[in-house]
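All remarks here apply to the structure that follows.
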Amino acid sequence: MMKFLDEYRDSAIAKRLVEKILEQTTRRLRLMEFCGGHTVSIMRYGLRQLLSSRIELLSGPGCPVCVTTNSDLDKAIAFAKQPNVIVATFGDMLKVPGSDSSLQLVRAEGADVRVVYSAQDALGIAQANPNKAVVFIGIGFETTAPTIAASVLEAERSNIKNYYVFSLHKLCPPVIKALLDSGERKLDGIICPGHVSAIIGSHAYEFIARDYGIACVIAGFEPLDILLAIHMLVAQIESSQPRVEIAYRRGVKPEGNRTALEILETVFEISSATWRGVGKVASSGLRLRENYRAFDAEYAFSLDPTVPREPEACICGEILRGVKTPLHCALFGSLCTPDSPVGPCMVSSEGSCAAYYHYGINNGR
Ligand code: SF4
């Protein structure tokens, strides 16, 4: 059993795994890595290229910043423009362009926008600034939602009344279902997200194997984790026995993390959510329960409705559905770069375009 991080990057073992995968794959396969963290690892270690003779690896909608719509980004920016409001956000959100501006631009114009590493930090800002309202941009999947729920419970316990969450949380299994129902891309297997699965467990994906006949393996984020998951996917596909398996036992239990789920369910209830590129998906979002409405930024502030605009020629939406890759975008690497991003997939550290730019510009083009 491997104990150290370096062991999950052992190039000799990786080479053997790649050879086995290619040997055992009897037809061309199309796999989707749902999670942006997997896309980054796949590009960083050149796995896409190593497997490309037999396996096509497509990115999915597993980057929370990327799937946030311009309409929601515009609301986050509008919160920052309110008087006496501090917006607290994860750093990845700063540079993402909304319809006409970004959090970084409004901060340069004088808005109080602060980068935090956790919801707990945002709560600390609220405590330190009792005369201001602090709006935390609650972004992320099932992984981050419990920590944000915990911050709301703590705000209630500590009687902090100037802390608000703008809940943009999204849930993974419903959007996978939406992609499969659309039939736009035929997939043979899915590399399921590691961190999300640490919270929701493996049972949450069983419908994919059962109802759609698609192989599923939950993977960690090191190159050997991903190769092991692909090896397991190939074995399932070649034996026509799709099921859900865990290739990330050190992080994921079949039942998930019950404590985190209980905290999440105490504060949030399931709602519909709108995803960039996918549209409105039933039961794929989280909103604060009625008991916690006092902490809901959307109830606390009335914002003027605006009509969102999408960046022209940006194909982030199609990339997030696995229909295209960043290399299909005419702006990639020329008019759109990490220093001057046109769409969110070039901004986020988990975005496909950023991953292709940093690690793949000459790799598999
Ligand atoms: Fe959008 Fe830029 Fe990616 Fe093109 S390269 S899809 S413009 S983010």
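The values are calculated or read from the model by the stated rules, or taken from the named source; none is laboratory data. Only a predicted model underlies this, so the values are computations on that prediction, with no experimental measurement involved. With ideal geometry, Cβ positions are generated from the backbone for all residues, glycine too; neighbour counts draw on all protein chains shown.
Scanning segment 185-213 for residues that are touching a residue at least 12 places away in the same chain (Cβ under 8 Å) and more than 23 Å from GLY251 (Cα to Cα) turns up ARG185, LYS186, LEU187, ASP188, TYR212, GLY213. You will find that of SER99, SER182, SER158, the residue that is exposed (fewer than 15 other Cβ atoms within 10 Å of the Cβ) and in contact (Cβ under 8 Å) with a residue 60 or more places away in the chain is SER182 and no other.
All conditions in (1) closer than 29 Å to ALA80 by Cβ; (2) crowded, with 24+ Cβ neighbours inside 10 Å; (3) touching a Cys at 6+ places or on another chain (Cβ under 8 Å) hold for ILE190, with the sole exception of (1). Go through the residues of segment 119-142 one by one and say whether even a single one is among the β-branched types (Val, Ile, Thr), over 26 Å from ILE270 (Cβ atoms) and in contact with a strand residue (DSSP E or B) (Cβ under 9 Å, 6 or more places away or on another chain). Yes, that holds for at least one residue. Are any of the residues in segment 204-218 charged (D, E, K, R), over 24 Å from ASP72 (Cβ atoms) and modelled with pLDDT under 95? No, the conditions are met nowhere in segment 204-218.
Scanning segment 280-313 for residues that are touching a residue at least 24 places away in the same chain (Cβ under 8 Å) and under 19 Å from the mean Cα position of the chain (by Cα) returns VAL281, ALA282, SER283, SER284, GLY285, LEU286, ARG287.
Which of the residues spanning segment 311-365 are in a loop (DSSP other than H, G, I, E, B) and more than 10 Å from the ligand (Cβ to nearest atom)?
Scanning segment 311-365 gives ARG321, GLY322, VAL323, ASP339, SER349, GLU350, ILE361, ASN362, ASN363, GLY364, ARG365.
Across segment 348-359, the qualifying residues are those that are in contact with a Pro (Cβ under 8 Å, 6 or more places away or on another chain) and surrounded by fewer than 24 Cβ atoms within 10 Å (Cβ to Cβ), and the one among them that is farthest from ALA178 (Cα to Cα) is HIS358.
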